[in-house]
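The values are calculated or read from the model by the stated rules, or taken from the named source; none is laboratory data. All values derive from a computational prediction rather than experimental measurement. So basically every Cβ, Gly included, is an ideal-geometry build from the backbone, and we count neighbours across all protein chains shown. Areas reflect the complete protein model, heavy atoms only, side chains present, ligands, DNA and RNA absent. Shrake-Rupley method; radii C 1.70, N 1.55, O 1.52, S 1.80 Å.
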Amino acid sequence: MTETTEQPGIAAAIIVRDDRVLMIRRRVREGELSWQFPAGAIEPGETAEEAAVRETLEETGLTVEATKLLGERVHPKTGRAMSYTACRVLDGEAVVGDEEEIAEIAWVSHAEIPEYVPYGLFQPVQDWLDEELAREEPK
């Protein structure tokens, strides 16, 4: 008999405001991951979208609402089940909300994304950001 200790899925919030996407840098890296989206474990009885909203508030102080589930996958770097949810800011200014876990936050322009995430983003997330941020960039 094989026993598995299944870890809870991770919900990430993809938040665009004023032509930039919010990224955080954790104090402890996860392998190659340094900069990432606000994210955390999905708690029992919680949807991925609810977890993304809760984690954003805990980590950055922003109140957001989930607008669209962009996709799910097993993360190639961590092996964890991931879901990615587009969110809209309702209230607040982004700050380092959990100083034990988060080192800093940054609002990243479309052109800067590869500097923060050199190994590339999950394609549905990249496609959504390409569309959202392209609308905001000056022609």
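Data overview
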{"quantity": "FRET efficiency, K68 to E99 (Cβ-Cβ, R0 30 Å, nearest 0.05)", "calculated": "0.50"}
{"quantity": "Carbon + sulfur, % of accessible area of region 66-139 - ligands and nucleic acids excluded, 1.4 Å", "calculated": "47 percent"}
{"quantity": "Cα-centre dipole for region 7-134 with unit charges at Cβ (Lys and Arg positive, Asp and Glu negative), debye to 20", "calculated": "400 debye"}
{"quantity": "Where the Cα pairs of the chain fall when distances are cut into 5 Å bins, in %", "calculated": "2, 10, 20, 24, 23, 13, 5, 2, 1, 0, 0, 0, 0"}
{"quantity": "For peptides 13-23, 96-106, sequence by mean Cβ density within 10 Å, most packed first", "calculated": "13-23, 96-106"}
{"quantity": "Probe 1.4 Å, accessible area per residue of the chain, Å²", "calculated": "57 Å²"}
{"quantity": "√(5λ) per eigenvalue of the Cα gyration tensor, region 61-139, largest first, Å", "calculated": "20, 19, 15"}
